[in-house]
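Take a look at the structure below.
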Amino acid sequence: MGEQVKIDNLAAVVNEIVQDTQITDVHTHLYDPQFGDLLLWGFEELVTYHYLIAETMRVVELPYEKYWQLSKTEQAKLIWETLFLQNSPYSEACRGVLTTLKRLGLDVAARDFEGYRKFFATQELDEYVKHVFDIANLKCVVMTNDPFDDQERKVWLEQVVPGKIVPDPSFRAALRLDILLNSWESTWQLLKEWGYEVTVELDDISIKEVQRFLKDWIEIMDPVYMAVSLPYDFRFPEASSRSKLIEACILPVSLETDVPFAPMVGVRRRINPALQDAGDGVGKMDIGAIEYLCANFPKNKFLVTLLSRENQHELAVLARKFRNLMPFGCWWFLNNPSLIDEITRMRFELLGTSTILQHSDARILDQLIYKWDHSRRLISETLVDKYSDLMDTGWVLTKMEIRRDVEKLMGENLWDFLERKL
């Protein structure tokens with residue numbers, strides 16, 4: 001059976017295995033460094049993350065428009081002075097900055113804004129990326145890749161396809177379809193400009209052409225999945241272009257190409273437009289839409305994450321009923337320790353090991369360090385509790401079995417679900 005684990009050293013064994021296991025980060029907003037300035041990194045980007053902007057604007061008497069007129073350095077200095085010097089920085093977003101600095105070997109107690117800036121300014125990007133991956137102990141990350149973003153589209157078509165850029169296997173693509181699905185009434189004109197014979201009415205020819213568009217970009221990107229961020233009031237089926245595109249285009253292409261569909265649902269966009277990207281909110285969805293997809297398209301595979309805390313129990317129960325559904329991570333506003341702990345425990349209790357516990361959702365490279373540092377601790381603590389409950393029954397555990405479970409939860413479940421090799 002292998003080396004048995006005793007209750008008195010269970011915590012040490014679990015923590016060691018969780019820390020040592022390399023992770024597949026199933027959802028980020030990062031880029032291969034060869035994509036240039038699309039990859040955000042460094043101290044000023046870390047400090048001006050939109051969570052910290054929203055937190056700062058709660059307590060400073062500064063008009064929103066004045067903030068956006070500041071330079072990046074001025075914005076970072078304002079946030080640093082407001083949240084880190086004038087208040088104790090114990091919010092998760094603030095603590096994340098400090099965890100990152102500490103793990104990089106910097107003196108957090110010095111509160112040295114200029115010193116931190118200078119440290120990052122001396123880093124060579126390619127080597128720094130490797131360093132961050134080593135600290136976070138990552139095997140690979142899945143990007144978010146939008147063919148409708150002019151800057152990114154240009155890289156794919158002019159550099160990746162001609163072979164000027166060889167994609168780094170540490171950065172896997174995900175084909176993002178927000179603009180296609182949520183803005184068809186204007187997006188169809190873009191596709192027409194690009195040589196696809198589509199009309200706004202989505203007739204039979206348009207359906208085939210949208211399918212061709214999807215297959216073209218799947219060939220270009222080799223994505224792990226096709227993703228879309230959807231509003232909290234998403235319904236399926238319904239009489240809308242989005243619903244028709246999903247049923248007639250996304251799902252058939254997903255099935256044909258073995259590229260799962262990943263709806264990410266629960267966003268309320270720009271509830272405070274003055275905050276720009278920091279102004280989005282959250283809403284509870286009717287999970288019947290996910291149930292309908294799983295039940296009526298049983299050969300399709302669905303990777304799903306929902307933004308509302310109130311939807312998490314429903315999603316876990318639904319996953320018990322449909323093996324073509326894989327819940328993943330604690331998305332966006334749920335990526336906070338108290339909620340990660342609650343959701344992780346609930347998923348363990350309902351789904352056992354058949355889930356993907358977490359993703360970083362990192363928009364800035366350096367965030368990988370703190371997101372996974374904090375998540376590993378929570379995962380380890382929860383596993384210790386669950387294994388303790390198991391051992392109380394008289395069940396015997398081995399190190400090999402614990403390692404097997406952890407490897408599934410931190411990456412293998414994704415690749416097994418996709419039926420792909422890493």
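Taken together, the values in this text are just the output of simple stated rules run on the coordinates, not laboratory data. Since the model is a prediction, treat every value here as computed from it, not as a measurement. Because the Cβ atoms are built from the backbone with ideal geometry, glycine has one as well, and the counts that use them run over all protein chains shown.
A few notes on this one:
- Treating each Cα of region 157-286 as an identical point scatterer and summing with the Debye formula, the log10 of I(q)/I(0) at q = 0.18, 0.22 Å⁻¹ comes to -1.10, -1.33.
- Computed as a quarter of the hull surface, the mean projected area of the alpha carbon convex hull for region 98-159 stands at 6.1 nm².
- Value in Å of the Kirkwood radius, where region 134-211 supplies the Cα pairs that are averaged: 14.6
- Debye log10 I(q)/I(0) for region 356-411, one point scatterer per Cα, at q = 0.14, 0.16 Å⁻¹: -0.47, -0.58
- Separation of region 53-72 from region 210-276 is 33 Å, based on Cα centroids.
- Computed from phi, the 3J(HN,Hα) profile of region 147-160 under the Karplus parametrisation 6.51, -1.76, 1.60 (θ = phi - 60°) reads x, 9, 7, 4, 5, 5, 4, 4, 4, 4, 7, 9, 10, 6 Hz, with x in place of Gly and Pro.
- Listed peptides 396-402, 410-416 appear in the order 410-416, 396-402 once ranked by packing, highest mean of other Cβ atoms within 10 Å at the front.
- Derived scalar couplings ³J(HN,Hα) [region 110-120; Karplus, 6.51 cos²θ - 1.76 cosθ + 1.60; whole Hz; x for Gly, Pro]: 6, 6, 9, 3, 5, x, 5, 4, 5, 4, 5
- Value of Rg/Rh across region 293-353 [Cα atoms, Kirkwood radius]: 0.97
- Computed from backbone phi with θ = phi - 60° and the Karplus coefficients 6.51, -1.76 and 1.60, the 3J(HN,Hα) list for region 289-304 is 5, 5, 4, 4, 4, 5, 6, 9, 10, x, 8, 7, 10, 10, 8, 9 Hz; x is used for glycine and proline.
- Of every Cα-Cα pair in the chain, the percent that sits beyond 30 Å: 46
- Sorting the Cα pairs of region 77-193 by distance into bins of 10 Å, from 0 upward, gives 10, 27, 25, 24, 12, 1 percent per bin.
- Taking amide hydrogens as placed 1.01 Å from N in the peptide plane, the amide H of Ile356 sits under 5 Å from those of Gly329, each at least 5 positions away in sequence or on another chain.
- Cut-off under 5 Å, modelled amide H: who pairs with Val304 long-range: Met326, Phe328
- Evaluated over region 1-94, the Cα radius of gyration and Dmax, each in Å: 20.3, 65
- The ranking of Glu44, Glu256 by Cβ neighbour count inside 10 Å, starting from the fewest, reads Glu256, Glu44.
- When Rg and the Kirkwood Rh are both derived from Cα coordinates, the Rg/Rh ratio for region 315-422 amounts to 0.96.
- Close amide-amide hydrogen proximity is noted between Ala227 and Leu175, Arg176, Leu177, Ala262, each under 5 Å apart and 5 or more residues distant or on a separate chain (H modeled in the peptide plane; Pro and chain starts excluded).
- With N counted as the residues of region 336-384, its alpha-carbon radius of gyration over 2.2 N^0.38 Å works out to 1.16.
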